[in-house]
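J.: This structure is in structure tokens; I'll ask about it shortly.
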Amino acid sequence: MPTTQGAEAREPVPRPEAAGSQTLSRGLTALALLADHGSQTIQSLADLLGVHRSVAYRLVRTLEEHRLVVRDGGGRLSLGPQLVILARDVEHDLQSAAMPHLQRLADDVGATAFLAVRDGDDAVTLVTAVPRGVNASVAQHPGHRHPIALGAAGIALQALLSEAAWRELGHDGPMHPEVARLRERGFAVSANEVIQGLTSVAAPISARGTTDASVAVVTVGEPDTEALGAAVQRSARAIEADLR
């Protein structure tokens, strides 16, 4: 009779598709980490990915070949120009409508302004404008993402959801308390939620069809949130008008 002794101890041979899917997933994660954390060395990127340096090196070489990642003279990695080409048609109408209003908002309030869209349970920065004539401002890179459960931009996106849609995203608890205040006054305020020391103010952009979006400003300290709230609402309404 054939025996199966020792057969259960052997590891199944991974299918090429599974290995390829894991490599693709790691590559996409690497791009997201560079968007969130800024430039990295291969070792620091490996640490963020939780993989050996040799694995990160192979990923980086592949991403470099496609110009998705570039290396500077010191060996630090940054997102590459091919990403701009790939992203230029993503929500093109929304970006085109928003950009002049974001720049005007940033200049008027002297703080970084940005447009966020909802991707599942995350708020993703689509485009950013920094104030002209200001020596320093908070960096908010396109592609940055954080849960919509936190931050003014995320709270404004929450406010566009029904209770049923909120639960479908996997949330058992209620929406952020600031959602109720936004629905009364038109804007959300968040301090020290996404990044300690930063305050953000945001308003939702309505009538966007399938894409939920919000316009926000982010700054340090304790700003005049009422003034910022009025400003982001004006920008949101102007963007809505240009999209009609």
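The values are calculated or read from the model by the stated rules, or taken from the named source; none is laboratory data. Only a predicted model underlies this, so the values are computations on that prediction, with no experimental measurement involved. Don't worry about glycine lacking a Cβ; one is built from the backbone with ideal geometry, like all the others, and counts go over all protein chains shown. With ligands, DNA and RNA removed, areas are computed over all heavy atoms of the protein, side chains included. Shrake-Rupley method; radii C 1.70, N 1.55, O 1.52, S 1.80 Å.
J.: Hey, could you check region 31-68 for residues that are outside any helix (DSSP H, G or I) and modelled with pLDDT of 90 or more and say which is farthest from H141 (Cα to Cα)?
T.: We begin by selecting, within region 31-68, every residue outside any helix (DSSP H, G or I); these are 38-41, 50-52, 66-68.
Next, only the ones that are modelled with pLDDT of 90 or more stay: 40-41, 50-52.
Details: Q40: 15, T41: 19, G50: 23, V51: 25, H52: 27 Å.
Per the criteria, the residue is H52.
J.: If you don't mind, another one. What's the total number of residues in region 103-130 that are assigned to a loop (DSSP other than H, G, I, E, B) and open to solvent by 40 Å² or more (accessible area, probe 1.4 Å)?
T.: Going residue by residue through region 103-130, those that are assigned to a loop (DSSP other than H, G, I, E, B) are 110-111, 120-121, 130.
Those still in the list that are open to solvent by 40 Å² or more (accessible area, probe 1.4 Å) too: 121, 130.
Counting residues in region 103-130 that are assigned to a loop (DSSP other than H, G, I, E, B) and open to solvent by 40 Å² or more (accessible area, probe 1.4 Å) gives 2.
Listed here are the residues, each with its yes/no results for (1) more than 21 Å from P147 (Cβ to Cβ); (2) out of contact with any helix residue (DSSP H, G or I) (no Cβ under 9 Å at 6 or more places or on another chain); (3) open to solvent by less than 60 Å² (accessible area, probe 1.4 Å).
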{"residue": "M175", "(1), (2), (3)": "no, no, yes"}
{"residue": "I195", "(1), (2), (3)": "no, yes, no"}
{"residue": "T199", "(1), (2), (3)": "no, no, yes"}
{"residue": "I205", "(1), (2), (3)": "no, no, yes"}
{"residue": "D212", "(1), (2), (3)": "no, no, yes"}
{"residue": "E222", "(1), (2), (3)": "yes, yes, no"}
{"residue": "L228", "(1), (2), (3)": "yes, no, yes"}
{"residue": "A236", "(1), (2), (3)": "yes, no, yes"}
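J.: Among L182, L150, L160, which is the only one that is open to solvent by 20 Å² or more (accessible area, probe 1.4 Å), over 15 Å from the mean Cα position of the chain (by Cα) and in the same structural domain as H101 (by the TED database)?
T.: On the way: L182 fails: open to solvent by 20 Å² or more (accessible area, probe 1.4 Å); L150 fails: over 15 Å from the mean Cα position of the chain (by Cα).
Only one candidate qualifies: L160.
J.: Only one residue in L59, L33, L94 is more than 28 Å from I148 (Cα to Cα) and either of a type outside the set (D, E) or within 19 Å of the chain's Cα centre (by Cα) (or both). Which one? Please lay out each step first, then the result.
T.: Values: L33 fails: more than 28 Å from I148 (Cα to Cα); L94 fails: more than 28 Å from I148 (Cα to Cα).
From the options L59, L33, L94, the qualifying one is L59.
J.: Among G170, G133, which is the only one that is touching a residue at least 40 places away in the same chain (Cβ under 8 Å), among the small types (G, A, S) and surrounded by fewer than 18 Cβ atoms within 10 Å (Cβ to Cβ)?
T.: Values: G133 fails: touching a residue at least 40 places away in the same chain (Cβ under 8 Å).
When all the criteria are applied, what remains is G170.
J.: Further question: Identify the single condition in (1) in contact with a Pro (Cβ under 8 Å, 6 or more places away or on another chain); (2) over 16 Å from S235 (Cα atoms) that L157 does not satisfy, given that it satisfies every other one.
T.: (2)
J.: Where residues in region 69-87 are part of a loop (DSSP other than H, G, I, E, B) and farther than 24 Å from V138 by Cα, which of them is modelled with the lowest pLDDT? Steps first, please.
T.: Narrowing region 69-87 to residues part of a loop (DSSP other than H, G, I, E, B): 72-76, 80-81.
Filter once more, keeping what is farther than 24 Å from V138 by Cα: 73-75.
Numbers: G73: 80, G74: 83, G75: 87.
The residue in question is G73.
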